[in-house]
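S.K.: Can you read through this structure? Questions will come right after.
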Amino acid sequence: MKKKLLVIILSFVFMAGCDALRFAPTENQKQNAWLHNRTAQLAADKARAENVSQQLEGLASLCALQSRSFSSYYGMPKEFPSADTSEQILAQTSWQLAQKSLTESAERPDAWQLADNALELSIGIAALVGGVYGTRAARFLKEARDKSKALKEIVEGNELFKNQHSESAGDFKAAHQNQSAETRKLVVGIKT
């Protein structure tokens, strides 16, 4: 029975994927990865054709091979950018795509959203387990999720108050002077 339950839980986790822990690649990122592969391949072809040093030709060839893994990892885009010639690759749209992709890749999931997703996953697993313990665990996790949401709202409200009433910021900090180190660490983590 325990092995069966473990298999069900692991199957659920693998089917759910890790998109809750990081953002899935966007269409821009997929297009950029594919375009990077085309750019690297074209550069390797030109390096061979122009009879450059073996070192530069080797670097270009290795770059083309390495860029294939990025394209594989991100997945194929729905629409492929024009990339048959170096003029098409060096077009302004390619530069804009690279910049959008860079901006999107710097985005990180909100810590609150990650915690909420983890709690939702745990509630789902508890529901799968069922029985008295599963019901209790689900109730406990729902309560934890609600408390987490309430804490987030309180911290956001406090930050808004401090920003709108800067003259009271000193008094506000003084009122929170007796917080434990654990509470301070938690609040700092919430604010970032």
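S.K.: If you scan region 58-88, which residues turn out to be crowded, with 17+ Cβ neighbours inside 10 Å and more than 17 Å from ASN28 (Cβ to Cβ)?
M.R.: Listed by number, the residues that qualify are ALA60, SER61, CYS63, ALA64.
S.K.: Can I ask one more? Which of (1) loosely packed, with under 10 Cβ neighbours inside 10 Å; (2) assigned to a helix (DSSP H, G or I); (3) not acidic (Asp, Glu) does VAL155 not meet, given it meets every other one?
M.R.: Exception for VAL155: condition (1).
S.K.: Okay, moving on. Name the residue that is modelled with the lowest pLDDT, counting only residues in region 158-192 that are among the small types (Gly, Ala, Ser) and part of a helix (DSSP H, G or I). I'd like the intermediate steps shown before the answer.
M.R.: Looking only at region 158-192, we keep the residues that are among the small types (Gly, Ala, Ser), and these are 166, 168-170, 174-175, 180-181, 189.
Applying the additional criterion that residues be part of a helix (DSSP H, G or I) yields 166, 168-170, 174-175, 181, 189.
Working: SER166: 83, SER168: 81, ALA169: 77, GLY170: 82, ALA174: 81, ALA175: 80, ALA181: 81, GLY189: 70.
That would be GLY189.
S.K.: Somewhere in region 130-138, is a residue closer than 30 Å to LEU42 by Cα and either touching a His at 6+ places or on another chain (Cβ under 9 Å) or surrounded by 14 or more Cβ atoms within 10 Å (Cβ to Cβ) (or both)?
M.R.: no
S.K.: Could you check ASN163 against (1) more than 24 Å from ALA24 (Cα to Cα); (2) touching a helix residue (DSSP H, G or I) at 6+ places or on another chain (Cβ under 8 Å); (3) not hydrophobic (A, V, I, L, M, F, W, C) and say which number it fails?
M.R.: All conditions are met except number (2).
S.K.: When you look at ILE123, is it surrounded by 15 or more Cβ atoms within 10 Å (Cβ to Cβ) and farther than 30 Å from ASP45 by Cα, yes or no? Before the answer, list the steps.
M.R.: Numbers: surrounded by 15 or more Cβ atoms within 10 Å (Cβ to Cβ): yes; farther than 30 Å from ASP45 by Cα: yes.
When the stated conditions are applied, ILE123 passes them.
S.K.: Select from region 19-64 the residues that are over 30 Å from ASP116 (Cα atoms), of a type in the set (Ser, Thr, Tyr) and part of a loop (DSSP other than H, G, I, E, B) and list them in ascending order. Can you show your working first?
M.R.: Taking region 19-64 first, the residues over 30 Å from ASP116 (Cα atoms) are 31-64.
From the residues that got through so far, the ones that are of a type in the set (Ser, Thr, Tyr) too are 39, 53, 61.
Result: SER53, single match.
The values are calculated or read from the model by the stated rules, or taken from the named source; none is laboratory data. These figures come from a predicted structure and were not determined experimentally. Heads up, the Cβs are rebuilt from the backbone with ideal geometry, glycines too, and the neighbour counts pull from every protein chain shown.
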